[in-house]
1. Restricting the stretch 66-75 to residues that are assigned to a loop (DSSP other than H, G, I, E, B) and in contact with a strand residue (DSSP E or B) (Cβ under 7 Å, 6 or more places away or on another chain), which is modelled with the highest pLDDT?
2. Looking at residue 98, is it surrounded by 10 or more Cβ atoms within 10 Å (Cβ to Cβ) and either at pLDDT below 85 or not in a helix (DSSP H, G or I) (or both)?
3. Within the bounds of the stretch 76-93, is there any residue that is within 17 Å of the chain's Cα centre (by Cα), at pLDDT below 75, loosely packed, with under 10 Cβ neighbours inside 10 Å and part of a loop (DSSP other than H, G, I, E, B)?
4. Do we find that residue 63 is out of contact with any helix residue (DSSP H, G or I) (no Cβ under 6 Å at 6 or more places or on another chain), part of a loop (DSSP other than H, G, I, E, B), loosely packed, with under 10 Cβ neighbours inside 10 Å and modelled with pLDDT of 85 or more in this structure?
């Protein structure tokens, strides 16, 4: 096998630091003004992802899909209250004063 084929095979068989367990070839499909993919159950199962909350990231010709972790920032304000209550249940500590004591005229006069 040529060096080029070995290199390509090695790239295809690794995702980040993890060995690929299952691979499938597919194509984008039009979904309104967007593009979509149908992901087989076997592929999802091989990923170990459980649940429906996902993070999709893209760079350098790669689209990566991963499960949302507790460390991911949630910009959906409708879920913040639930997240705060959940954090309090497991006794997560706040980061303290994020403004490091900074004050402004409004704080000093209105509060």
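The values are calculated or read from the model by the stated rules, or taken from the named source; none is laboratory data. What you see is a predicted model, and the numbers here were worked out from it, not measured in a lab. We place every Cβ from the backbone using ideal geometry, glycine too, and count neighbours over all the protein chains shown.
1. Just the residues of the stretch 66-75 that are assigned to a loop (DSSP other than H, G, I, E, B), to begin with: 68-75.
Going one step further and asking which of them are in contact with a strand residue (DSSP E or B) (Cβ under 7 Å, 6 or more places away or on another chain), we end up with 68, 72.
On the way: 68: 81, 72: 64.
Among those residues, the one meeting the criterion is 68.
2. On the way: surrounded by 10 or more Cβ atoms within 10 Å (Cβ to Cβ): no; either at pLDDT below 85 or not in a helix (DSSP H, G or I) (or both): yes.
Spelling it out, it is not the case that residue 98 is surrounded by 10 or more Cβ atoms within 10 Å (Cβ to Cβ) and either at pLDDT below 85 or not in a helix (DSSP H, G or I) (or both).
3. The answer is yes, given that some residue of the stretch 76-93 is within 17 Å of the chain's Cα centre (by Cα), at pLDDT below 75, loosely packed, with under 10 Cβ neighbours inside 10 Å and part of a loop (DSSP other than H, G, I, E, B).
4. On the way: out of contact with any helix residue (DSSP H, G or I) (no Cβ under 6 Å at 6 or more places or on another chain): yes; part of a loop (DSSP other than H, G, I, E, B): no; loosely packed, with under 10 Cβ neighbours inside 10 Å: yes; modelled with pLDDT of 85 or more: yes.
No.
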